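Read the structure below first, then the notes.
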Amino acid sequence: MAVAVINYDRCMGRWEPNARGRLERAALELYVERGFEQTTVAEIASRAGLTERTFFRHFADKREVLFGGAGALQELVVRNVAGAPESAAPIDAVAAALDAAGAVLQERGDFAQQRQTVIAANPELQERELIKLASLASAMADALRQRGVREPAASLAAEAGIAAFRISFEAWIKAHSQRDLPKLIRESLDQLKAVTAGSAA
């Protein structure tokens with residue numbers, strides 16, 4: 001997959017306030033061009049026109065370029081589960097949370113596309129991604145229990161939501177971010193409801 005190389009101005013001050021964004025873009029370009037394993041922190045910093053020290057001020061290691069936003073995404077999801085109307089069914093509270101997550105990813109379509117290309121090419125990163133999704137499901141289940149949802153309903157709703165999210169995300173990636181991710185998530189959850197209603201009938 002060809003990725004346009006951004007030629008950063010090497011004369012820019014190293015205090016440049018968008019250093020994290022520059023490092024992120026440089027890392028993704030190199031990961032796609034050379035492969036994740038073959039890319040060094042020194043190369044990332046050099047392409048971004050920054051120092052390795054600056055890299056480590058923003059990221060613990062080169063994997064964190066891909067997973068550094070996981071904590072913020074989890075906080076967003078938990079906050080939206082907690083903020084759903086009291087009358088909302090567990091799956092609807094999950095849907096509201098995933099809708100918010102989908103909107104954030106939609107805004108960063110190019111990053112998500114490149115990130116997924118890198119992860120798909122590396123088994124270790126794929127495993128890390130699965131762990132991230134499992135943590136997201138666990139956090140949502142905890143948030144549902146805080147709302148008074150009992151087990152196994154809380155875990156079932158959270159796990160089902162993550163399954164719908166994953167399937168929707170894959171469809172969105174295949175469409176090269178041209179479709180609306182929150183809408184895809186809602187459609188997947190609606191289909192899930194229809195399937196479970198049909199099997200219960």
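Please treat every number below as a calculation from the coordinates, not as lab data. Everything quoted here is computed from the prediction, not taken from an experiment. Glycine also receives a Cβ, built like all others from the backbone with ideal geometry; neighbour counts cover every protein chain displayed.
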ask   = Within a Cβ distance under 14 Å of A164, other residues only, what is the Lys/Arg minus Asp/Glu net charge?
value = -2
query = For the residue pair L133 and A153, what label-to-label distance in nm results when each label sits 7 Å from Cα along the Cα-to-beta-carbon direction?
reply = 2.6 nm
remark   = Here the equivalent ellipsoid of the chain, derived from its Cα gyration tensor, has semi-axes (largest first, whole Å) of 36, 18, 14
inquiry  = Using the Cα centre of region 45-192 as origin and beta-carbon charges of +1 (Lys, Arg) and -1 (Asp, Glu), tell me which of L66, G161, L192 is placed farthest towards the positive end of the dipole.
reply    = L66
inquiry  = I need the GluC sites (Glu not before Pro) found in region 34-63, filtered to DSSP loop residues with at most 14 other beta carbons within 10 Å of theirs.
reply    = E37
task = Indicate the gyration tensor shape class of region 127-201 (rounded, prolate or oblate), computed on the Cα atoms with a ≥ b ≥ c the square roots of the eigenvalues: a/c under 1.5 is rounded; otherwise a/b larger than b/c is prolate and the rest oblate.
result = oblate
key: Dimensions (Å) - region 19-65, Cα atoms, principal axes, largest first   = 23, 18, 15
request  = For the chain, give the magnitude of the charge dipole about the Cα centre (Cβ charges: +1 Lys/Arg, -1 Asp/Glu; no others), in debye to the nearest 20.
outcome  = 280 debye
ask   = Tell me which lysines have Cα within less than 24 Å of K183's Cα, excluding those fewer than 8 residues away on the same chain?
value = K132, K174, K193
task = First select every other residue whose beta carbon is under 11 angstrom from the beta carbon of A137; then total the charges, Lys and Arg +1, Asp and Glu -1.
result = 0
